[in-house]
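Written below as structure tokens is the structure these notes are about.
The values are calculated or read from the model by the stated rules, or taken from the named source; none is laboratory data. Every value quoted in this text rests on a predicted model; they were computed, and no experiment measured them. In this analysis, Cβ positions are derived from the backbone assuming ideal geometry, glycine residues included, and neighbour counts consider all displayed protein chains.
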Amino acid sequence: MEKLTLKQEKFVQELISGKSQREAYRIAYPSSKKWKDENVDSQASNMLKIPKVFTRYQALQSRLKKEAEDEGIVSGKRVLKELAKIGFADIGNYLEYRPEKTIVDYDEDGKPIIGYQTIIEVLESKGVDTSAIQEVSITDKGTFKFKLYDKQRALELIGKNIGMFTDKVEHSGRIEGCNPFEGLTTAELKKLIQK
């Protein structure tokens, strides 16, 4: 196999460790940290299309999968359990929110103008199962962000695994030579039915 550059190898290693393509690319290529997400995504996608990079990624992924199976680390049951945590997670298990009256200003007569502010109380991480939480952060502007993993996707994967959902395949057109009665007249078909 053709040898990867140090940066390409770092990119693959970060992917294998569970990072997204964007994260892996930014770690392997630190100069990309200032780039727009779309540019990083494009470069990361192109990186994985390079045959030697993709081959290395597949080789490491296969080895990791085999090791996990050999050690009993990952099983279908365990994966379904983790998906179930995400699929049935309730945001109320992690935080509480409520509107609260606050004085936003005063009118010309000095009377308070009442508004509502959303109060969010986050439960301590020690008291909850955090495995369904994708992100908890505060932006540079002080905006609080809380995000669970994709509930709908987790439920879809569970449903597919247990056979709830099946893909419908439609076919139109004719396949030559598959109909043994093709070309028979109505009269000939009626004779066959009577026999």
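All of I86, I119, I50 fail the test of being surrounded by 11 or more Cβ atoms within 10 Å (Cβ to Cβ) and either in contact with a Leu (Cβ under 8 Å, 6 or more places away or on another chain) or among the basic types (K, R) (or both), apart from I86. For the stretch 78-161, the strands (runs of 3 or more DSSP E) that sit wholly inside it and include 2 or more residues that are among the acidic types (D, E) and touching a strand residue (DSSP E or B) at 6+ places or on another chain (Cβ under 9 Å) are 95-106. In the stretch 45-66, what residues are within 15 Å of L4 (Cα to Cα) and not polar (S, T, N, Q)? Of everything in the stretch 45-66, those that are within 15 Å of L4 (Cα to Cα) and not polar (S, T, N, Q) turn out to be M47, L48, K49, I50, P51, K52, V53, F54, R56, Y57, A59, L60.
Just the residues that are in a helix (DSSP H, G or I), over 20 Å from L64 (Cβ atoms) and among the polar types (S, T, N, Q), please, taken from the stretch 1-42. Within the stretch 1-42, S31, S32, N39, S42 meet the criteria. The sole residue among V79, V104 that is surrounded by 11 or more Cβ atoms within 10 Å (Cβ to Cβ) and within 26 Å of E156 (Cα to Cα) is V79.
In the stretch 108-140, of all residues being more than 23 Å from the chain's Cα centre (by Cα) and of a type in the set (A, V, I, L, M, F, W, C), the one that is farthest from R153 (Cα to Cα) corresponds to I113. When N161 is tested against (1) modelled with pLDDT of 85 or more; (2) surrounded by 10 or more Cβ atoms within 10 Å (Cβ to Cβ), just one condition goes unmet, and that condition is (1). For the structure I just gave you, tell me whether K145 is more than 26 Å from the chain's Cα centre (by Cα) and modelled with pLDDT of 85 or more. Taking the combined requirement at face value, the residue does not satisfy it.
For the stretch 134-160, the set of residues classified as hydrophobic (A, V, I, L, M, F, W, C) and under 20 Å from Y94 (Cβ atoms) consists of V136, I138, F144, F146, L148, A154, L155, listed by residue number.
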